[in-house]
Amino acid sequence: MGEAEPPTGVPDRLSQHETLPDNKGAEWARQTVLEESHEGQSLSDDVGTNFGGEHTDRDAEQTAVEPRLEAYFGPNAIQITAFVKAVKTAKVRRFEQEDIRAAEAGAAENDKEGSRLWQLLAHASSCDPISIWVWPFIRERIGTLVGAQVNLSQELPSRILDHVIASVSHAAVGENRQSSRRMENELRLAIAWLLERRNADVTDIANQVNHVLGNAGGDVEERVRRAVSVGSRAELQASIAAINLVYDQVRIAKHERVVERQERFDLKAAVNELRERTARDSEAINRLKGEKAELEKRVEEERTKRESDNRHHAHSSTQRQADVDTTMQRVRGLIADAADAVQIAMKRADDGSLRGLKAAERRIASAIEAMTGVDK
């Protein structure tokens, strides 16, 4: 990350008093470090001890600052540290709507480059009233920049930044120095908002803005070496933090690659096992189909045999019944003949023989009646 360069078509250096805001524990990953001024002042010196002359003069200026946004964006520039101190001293919880309307009008008139807004944003994390006002205001500026067709709440951060870069690049071509600096600050404000409010990935943003930054290429290692060896304290901190960020990302990427390989290996093993199980199941299904076909064949044979047996049994029963009927007819004939003989014998017999013949007649009649019942 090191030194931040302006976008393509924006040749001016960034303001000496600008820093990125803190972002909930990720300051080291999101801070932009600026080059030292021609007088040799570092970033920490600009914001801290060497702004505005002697110590007593600075204290006197701070005590005279009004804790109102309208005053900060007024015709006369106010030191950001003095304004923040005045807001905290006055225990301002939230800026009033009248003050906000006047401040927004003053910003359009007196902060056309957006430098004051950027400085205010740099202190948003340490001052709640500023944070409450500045983020929605920056969101409105981004919406105006990209147009109403881009939904800032639902669109991906990378897509929003693409629209911002396109708008900034088009606006910066052929513009004067003030417009170029304004477009540069608009880009930086949009990046800060995406990081803070949309949780954008800092490496994705770096990749997207790399091609629009002047002198972003070149010997990166030499630039980092220079920032670490002879850069300001802020440059040293930011460079070390950026290197650590890269190491962390490489470590995470390696871990994810190992996890991905393991998952791929496990998935491949699971697929092979599934294939083997499918083959076994297919074999079992084919075997069961064969057994089913064999059973169906046997059932059909048994059914055919049963039907044949039933037909044969029915035929046999009919034949037997016919034979029985024939036999019964013959028996009835014989018995009838016997009865006739008994009748004849009765006419010739004496009394003792007559009684025996009558008994024989009754038995023959009973036999004939029983045989008749069997026929029915």
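All of the numbers you see were taken from the coordinates with simple rules; none came from a lab. Fair warning: this is a prediction, and the values are worked out from it, not measured in the lab. Virtual Cβ from ideal backbone geometry, glycine too; neighbours counted across all protein chains shown.
The trypsin sites (Lys or Arg not before Pro) of region 78-114 that meet both conditions, a loop assignment by DSSP and at most 14 other Cβ atoms within 10 Å of the site Cβ, are K91, R93, R94, K112. Need the C-alpha centroid separation for region 80-103 versus region 113-158, integer Å. Value for the Cα centre distance between the two parts: 17 Å. Note on A148 and R362: their simple-model spin labels are 12.8 nm apart, each label 7 Å out from Cα toward Cβ.
Here, region 194-313 yields an orientationally averaged convex hull projection of 16.2 nm² when only Cα atoms define the hull.
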